[in-house]
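What follows is one structure encoded as structure tokens, with my remarks underneath.
Readers should treat all values here as calculations from the given coordinates under stated rules, not as data from a laboratory. Treat the numbers as computed from the prediction; the structure is a model and nothing was measured. Methodologically, a virtual Cβ is constructed for each residue, glycine included, from the backbone with ideal geometry; neighbour enumeration extends over all protein chains shown.
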Amino acid sequence: MRFTFLHAADLHLGSPFKGLSLRDENLAARLAGASREAFTDLIDRALEENVAFAIFAGDIFDGDWRDASIALFFNRQIARLAKAGIPIFLLKGNHDADSVVTRSLALPDLAQQFPTRRPGSFELPDLRVALHGRGFSDRAESENLARAYPAPRPGWFNIGVLHSSLDGRPGHAAYAPCTLDDLRAKNYDYWALGHVHAHEIVSQDPWVVFPGNLQGRSIRETGPKGAVLVDVEDGRAASPRRLIVDRARFAEIALDAAAHDDAASLLRAVEASARAEVEQADGRLLALRIRIAGASTLHGQLGADPARWRDEIEAAAQRAHEDIALERFILETAPPPAVPRLDSNFDFAALLDECLADSSLREAALAALAAVEAKTPAPAPRLSDELDELLREARDLALARAERGGAAS
């Protein structure tokens, strides 16, 4: 017997894109709709593949919904699977636990949800498939849920559905922790996991798989996103096939300013790097973080007017492709190492450095910042915590203006 099933997780429907401050309303709107478009495409592809059933292993929603539009959208999409006779199995994760999503809508026919108080099982007799799982009743689930999962159905293809960090993954809370040995001890054929947003095949014997999230939502979630398709023949699963459906990508470009003697060269490098990222994104909307660092003669020029250079950098990126949004521009340059002066000309840079080292200047600056903070309503950031950075920026600005004045004379 042969069949294929869909394993998806971490849809996070209703989640905002994080860390984006877009000035282009059209790009912002397109990013906001990316998660829904990705899910619609996922259902399209599942129908094209004629999957036997579909598993959604937690965090379908990003949290409780203020209105029912998100849940209605999800129900409309999975109803398309149900109309095609495809069973759907849902499990709650930390973002849509019973304690988080307090409202509900009736699920379509053929959609079933794993219990949240104890493990439960569903069976598909025609396929000889048994699915076992337990969803989250509370968001911060610290119990090892896997240990209580039932024994496998003998002679059937057994699937464990679990939302878990396993023994820990960077950037993910340690919810429903367990070990690979815990999963192997159950003698299931496949573990359909959720919670970790990076695609990962943890084990092949048995198959233990994180499909990754459906759509990247921040610069921490780069690269292709989607779900997996699993082909099963005679009770054995083949290597899961990735199904890429994301509609927008995040990427970071890091450039060394030391390699560029003039701004035109730097902007050309930004454009070339952006073009390479566009090719990898394969036509998707691209949100770029651009970081420029290193000791460079351009340091003073860039630091004197960072807002202008943010615009220049964004324009250079968009010359590579119009569907690029600048997620953030980070400037971390420094002046080139000082060269000993062989003449008697006044060394303004050295004087500024000497001033920054003067403790009385620091005390006066702290007092001035304290006066500003006292008049600023909470919860504004404490400027005094950024004293060193503010002094460096002041030094660079003064030096850049002095250099411009000297060039003009």
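Across segment 2-244, how many lysine pairs separated by 8 or more positions, or lying on different chains, have Cα atoms within less than 24 Å? Display every interim value, and only then the final one.
Values: LYS18/LYS92; LYS18/LYS225; LYS83/LYS92; LYS92/LYS186; LYS92/LYS225.
Lysine pairs meeting the criterion: 5.
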Do me a favour and compute the ellipsoid semi-axes for segment 84-200 from its Cα gyration tensor, root of five times each eigenvalue, largest one first, whole Å. 22, 20, 12
Phi angles of segment 208-222, converted by Karplus (6.51 cos²θ - 1.76 cosθ + 1.60, θ = phi - 60°) into ³J(HN,Hα) in whole Hz with x for Gly and Pro, give 10, 9, 9, x, x, 7, 6, 8, x, 10, 7, 5, 6, 10, 9
Each residue of segment 261-266 in turn: what ³J(HN,Hα) in whole Hz from Karplus with 6.51, -1.76, 1.60 and θ = phi - 60°, glycine and Pro shown as x? 8, 9, 5, 4, 5, 5
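So if R0 is 41 Å, what FRET efficiency would SER104 and GLU393 give, r being the distance between their Cβ atoms, rounded to the nearest 0.05? Mind showing how you got there, number by number?
On the way: r = 52 Å, r/R0 = 1.27.
Computed FRET efficiency for SER104 and GLU393 comes out at 0.20.
Quick one: length gained pulling ASP231 to ASP358 fully straight, 0.36 nm per residue minus the C-alpha distance? Don't jump to the answer; show the numbers that get you there.
Values: separation 127, 0.36 × 127 = 45.72 nm, distance 6.98 nm.
Taking 0.36 nm per residue and subtracting the Cα distance, the gain is 38.7 nm.
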Classify segment 247-337 as rounded, prolate or oblate, taking a ≥ b ≥ c as the square roots of the eigenvalues of its Cα gyration tensor: rounded when a/c is under 1.5, otherwise prolate if a/b is larger than b/c and oblate if not. prolate
Chain lengthening between ALA370 and ASP262 when straightened (0.36 nm per residue, less Cα-Cα): 35.0 nm
Go through VAL270, ALA320, GLN280 and say which Cα lies farthest out towards the positive end of the charge dipole of segment 247-337; charges sit on Cβ, +1 for Lys and Arg, -1 for Asp and Glu. GLN280
5 angstrom amide H check on LEU326, placed H, neighbours 5+ away: LEU288
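How big is the charge dipole of the chain about its Cα centre, in debye rounded to the nearest 20, if each Lys and Arg gets +1 on its Cβ and each Asp and Glu gets -1 on its Cβ? Could the numbers behind the result be given before it?
Details: 47 positive and 61 negative charges, 297 e Å.
Using only the charged Cβ atoms, the result is roughly 1420 debye.
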In the set (1) 15; (2) 23; (3) 37, which value of percent of Cα pairs over 39 Å apart was calculated from the structure you see? (3)
Rounded to the nearest 5, the percent of antiparallel DSSP beta bridges in the chain equals 30 percent
Out of the trypsin sites (Lys or Arg not before Pro) in segment 95-143, which ones are loop residues according to DSSP with at most 10 other C-beta atoms within 10 Å? ARG103, ARG117
Rough spin-label spacing in nm, given labels placed 7 Å along Cα→Cβ, for ARG128 and ARG275: 5.7 nm
Gain on full stretching of the segment that runs from GLU143 to GLU48 - 0.36 nm per residue minus C-alpha separation: 30.4 nm
Which of LEU47, LEU13, LEU288 ends up with the largest GNM mean-square fluctuation for the chain, with Cα atoms connected below 10 Å? LEU47
List the pair-distance distribution P(r) of segment 263-309, using every Cα-Cα distance, as the percent of pairs falling in each 5 Å bin from 0 up to the bin containing the longest distance, rounded to whole percents. 4, 17, 25, 23, 14, 10, 6, 1
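Treat every Asp and Glu Cβ in segment 225-368 as -1 and every Lys and Arg Cβ as +1, leave all other atoms uncharged, and give the resulting dipole magnitude about the Cα centre to the nearest 20 debye. Each step should come with its number before you reach the end.
Details: 17 positive and 26 negative charges, 118 e Å.
Computed about the Cα centre, the dipole is about 560 debye.
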